[in-house]
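Before any comments, here is the structure.
The values are calculated or read from the model by the stated rules, or taken from the named source; none is laboratory data. Since the model is a prediction, treat every value here as computed from it, not as a measurement. Please note: Cβ atoms are built from the backbone with ideal geometry, for glycine as well, and neighbour counts cover all protein chains shown. These accessible areas exclude ligands, DNA and RNA; they are computed on the full protein's heavy atoms, side chains included. Shrake-Rupley method; radii C 1.70, N 1.55, O 1.52, S 1.80 Å.
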Amino acid sequence: MSTREYQVCTNCVMDTTDSVIQFDEKGMCDHCHNYYENILPNWHPDEQGRKKLDEIVAQIKKDGKGKKYDCIIGLSGGVDSSYLAYLAVKKLGLRPLLFACDTGWNLNVAVQNVEKITKGLNMPLHTEIVNWNEMKDLQLAFFKAQVPYQDIPQDHVIFASLYNYAAKHGIKYVLTGGNNSTECVREPIEWVYQNDIRMLKDIHKKYGTIPLKTLPLCGMFKAHLYYRYIKGMKVVKPLDLIPYTKAKAIATLQKEFGWEPYANKHFESVFTRFYEGYWLVKKFGYDKRRCHFSSLILTGQLKREEALEILKNPPYDERQAMEDLEYVAKKLGLTKEEFINLMEQKNKTYKDYKNTSGMISLAVKAARLFGMEKRQYR
Ligand SMILES: [Zn+2]
């Protein structure tokens, strides 16, 4: 923990729990500056975006002629991916393969949402069920590693299974629900470290107990270089090319499919709920809601005062947290006491393990230099 005096941005709700946050003389933070200077000028959810989207869609349809599917969409059951599936089929006339990944943790409500969307759109769904013993081993290794980012194992597997499947089946276009509207303020790297296969393997080598034989894995260099340049795979983010707001998306999904929202943006599983609401908050003092709310504030979907009010309360109540702790511990093969003991050990970061952050930082800087990447890397 730093000894820095507490400060919260006067424009969003990011604060000094982000240890490298910088404030200008008006008290506005560098996340805000990044939004106004780098993201906003390059973001056109208007006529310009629509024109670009129409061009991309025409190309996807052309390339997909005669094929079973023209693109693939990873469907989690959350707002962004559900709305994306609706948009792709109903509004854009695409023929996506809907792809779900079962890591063993999904909440019923998420699974039901996936079913409702698939049925409602009358589109095929492929569900990849990952080997639970391997998944469990990797997750337990991450807890033992004492790092904040406990969502890396699942995120990695979900990402890798989708990309590997698309590459294997010659599906050229990957549509993602990633968007500025709900994600323009990114979590600081010390809170949520990136998809780094080198660190993942190092942590598993140190704390894992069984080999990862079947778990889908895919390094960033494989995804960004091999898949992109050799296999010609393209990642499209349609939600950044249209006017997209969370509240309207939810209303549409409820009306069209009887879709159900969750209590919080990423609470699609008990695991995520526990990790984001408890492990990250209690052990490290990082509250991911600050990033999510700040994104909504900057894009005019939430008032700063409202966000500050919500943040006065913990992400979820202590009783539910304890229930979840016991559930997570048991599922990972630990007793409640063993898990609590694990949680009390010394915090670590990616810097305690082999990683490629230096190389990735360099690559992003180079990309920024060539105008391929607008966002800051921090
Ligand atoms: Zn700010």
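Cβ-Cβ contacts under 7 Å between residues 6 or more apart (or on different chains), taken from a first residue in the stretch 24-46 that is within 14 Å of the ligand (Cβ to nearest atom) to a second residue that is part of a strand (DSSP E or B), are listed as 29/23. Of all residues being in a loop (DSSP other than H, G, I, E, B) and more than 21 Å from residue 166 (Cα to Cα) in the stretch 79-116, which is least open to solvent (accessible area, probe 1.4 Å)? Just the residue, please. Filtering the stretch 79-116 for residues that are in a loop (DSSP other than H, G, I, E, B) and more than 21 Å from residue 166 (Cα to Cα), the one least open to solvent (accessible area, probe 1.4 Å) comes out as 105. When residue 225 is tested against the conditions (1) surrounded by fewer than 18 Cβ atoms within 10 Å (Cβ to Cβ); (2) in contact with a Pro (Cβ under 8 Å, 6 or more places away or on another chain); (3) not basic (Lys, Arg), the lone failure is (2). Applying the criterion of being open to solvent by less than 10 Å² (accessible area, probe 1.4 Å) and of a type in the set (A, V, I, L, M, F, W, C) to the residues of the stretch 13-23, the residue that is nearest to the ligand (Cβ to nearest atom) is 14. Specify the residue that is farthest from the ligand (Cβ to nearest atom); the eligible residues are those in the stretch 288-346 that are over 16 Å from residue 272 (Cβ atoms) and among the aromatic types (Phe, Trp, Tyr). Taking the candidates together, the pick is 339.
Filtering the stretch 282-320 to residues that are assigned to a helix (DSSP H, G or I) and of a type in the set (D, E, K, R) leaves 282, 283, 289, 290, 304, 305, 306, 309, 318, 319.
Yes/no per residue for (1) of a type in the set (Gly, Ala, Ser); (2) closer than 27 Å to residue 167 by Cβ; (3) within 18 Å of the chain's Cα centre (by Cα):
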{"site": "208", "(1), (2), (3)": "yes, yes, no"}
{"site": "212", "(1), (2), (3)": "no, yes, no"}
{"site": "218", "(1), (2), (3)": "no, yes, yes"}
{"site": "228", "(1), (2), (3)": "no, yes, no"}
{"site": "231", "(1), (2), (3)": "no, yes, no"}
{"site": "236", "(1), (2), (3)": "no, yes, yes"}
{"site": "257", "(1), (2), (3)": "no, no, no"}
{"site": "262", "(1), (2), (3)": "no, no, yes"}
{"site": "275", "(1), (2), (3)": "no, no, yes"}
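Going by what's in this entry, would residue 66 be described as in contact (Cβ under 8 Å) with a residue 60 or more places away in the chain, more than 12 Å from the ligand (Cβ to nearest atom) and assigned to a loop (DSSP other than H, G, I, E, B)? It is false that residue 66 is in contact (Cβ under 8 Å) with a residue 60 or more places away in the chain, more than 12 Å from the ligand (Cβ to nearest atom) and assigned to a loop (DSSP other than H, G, I, E, B).
Out of the residues in the stretch 205-222 meeting the condition of being of a type outside the set (A, V, I, L, M) and assigned to a loop (DSSP other than H, G, I, E, B), tell me which one is nearest to residue 138 (Cα to Cα). Filtering the stretch 205-222 for residues that are of a type outside the set (A, V, I, L, M) and assigned to a loop (DSSP other than H, G, I, E, B), the one nearest to residue 138 (Cα to Cα) comes out as 208. Taking every residue in the stretch 139-162 that is in contact (Cβ under 8 Å) with a residue 60 or more places away in the chain and closer than 23 Å to residue 287 by Cβ and pairing it with any residue that is assigned to a loop (DSSP other than H, G, I, E, B) and charged (D, E, K, R), at least 6 positions away or on another chain, the pairs with Cβ-Cβ distances below 6 Å are 146/348; 147/348. When restricted to residues that are among the small types (Gly, Ala, Ser) and assigned to a helix (DSSP H, G or I), the stretch 223-236 contains 1.
Scanning the stretch 175-187 for residues that are in contact with a strand residue (DSSP E or B) (Cβ under 8 Å, 6 or more places away or on another chain) and surrounded by fewer than 23 Cβ atoms within 10 Å (Cβ to Cβ) returns a single hit, 176. A search for C-beta distances below 7 Å between a residue of the stretch 329-354 that is within 15 Å of residue 150 (Cα to Cα) and any residue that is part of a helix (DSSP H, G or I) and β-branched (Val, Ile, Thr), counting only pairs 6+ apart in sequence or on different chains, returns 353/203.
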